[in-house]
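The block underneath contains the structure these notes are about, expressed in structure tokens.
Values in this text are rule-based calculations from the coordinates and carry no lab data. The structure displayed is predicted, hence computed values, not measured ones. Cβ: placed from backbone, ideal geometry, glycine included. Neighbour counts: every protein chain shown.
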């Protein structure tokens, strides 16, 4: 994700960030970072053309200003970026959305639903060919565009086999001191056991046979990328998540810390 300090707003910055990532990888890795740009009200349509031609930038991320980690440079008024969205629609570059409003009059639990009503539905009408991803959804309103229903609807959507839903961990590691604070950072670290946690959820839903497509096929197909040819094997073998993990000169508390996960990588 591009919400660094400073944010990754240009192709040149994305290329430099990608080089830093690759320099930190083991020599035998097959990992390939898929870069994104941070959408600001200063983003130029010409940058979208450069992004598409770069071969390394695969999407543009929308953050409402002030909504989440390092979002201060985000968009305050979507109308100000309409020319950029038109360019994205024209060049086939997806828009990845942190879907919430920052209106203080809106209850925090309604911000995703209000975003859909105020912004997502009008955007779909205005830019019908723009590919959009509503990331890390948390409500049934986001899954079905309706209000107030149980959160299990998210699991129903994820396990449905519908190719519009695909894996995105939104893993967010933070130092313990930054997380356990009066104004703690948003998100939690899940990358230590992401696929194992998804396996648990799919098994509980009785849809384990649909995990592979959700995790490996739908996202690649949406972005027009080749499906990975490598394979992993999961086995039902309970293990206990460490209480804490090293994180620079601090520690990070992972999701499910000190508790069991039913699945493990073989």
The alpha-carbon center of the stretch 63-99 and that of the stretch 231-250 are separated, in whole Å, by 34
Fewest-first ordering of 50, 236 by Cβ atoms within 10 Å yields 236, 50
Going fewest to most other Cβ atoms within 10 Å around each Cβ, 109, 166 line up as 109, 166
Checked the stretch 151-266 with the C-alpha gyration tensor, a ≥ b ≥ c its square-rooted eigenvalues, rounded below a/c of 1.5, otherwise prolate if a/b is larger than b/c and oblate if not; verdict prolate
Rounded to the nearest 10, the angle in degrees between the Cα long axis of helix 194-204 and the longest principal axis of the Cα atoms of the chain comes to 70
Expected unfolding gain across residue 235-residue 248 under the 0.36 nm per residue rule, minus the alpha-carbon gap, is 1.6 nm
Note: residue 20 to residue 118 extended length (0.36 nm per residue) minus current alpha-carbon separation gives 31.5 nm
FRET efficiency (residue 29, residue 162; Cβ distance; R0 35 Å; to 0.05) is 0.65
Sorted on mean Cβ neighbours within 10 Å (highest first), peptides 201-209, 21-29 come out as 201-209, 21-29
Most fluctuating of 128, 104, 64 in the GNM of the chain (C-alpha, under 10 Å) is 104
Between the modelled labels at residue 72 and residue 56 (7 Å from Cα along Cα→Cβ) the distance in nm is 2.7
Once residue 204 and residue 49 are pulled to full extension, the length gained, defined as 0.36 nm per residue separation minus their Cα-Cα distance, is 51.4 nm
Options [x] 171; [y] 132; [z] 150 for volume of the Cα convex hull per residue in Å³; the value derived from the coordinates is listed as [z]
Percent antiparallel among DSSP beta bridges confined to the chain, nearest 5, equals 40
Per-residue ellipticity at 222 nm attributable to helices in the chain (runs of n ≥ 4 DSSP H, -39500 (n - 2.57) apiece, nearest 500 deg cm²/dmol) works out to -7500 deg cm²/dmol
Each label sits 7 Å from Cα toward the beta-carbon; between residue 223 and residue 191 the label points are separated, in nm, by 1.4
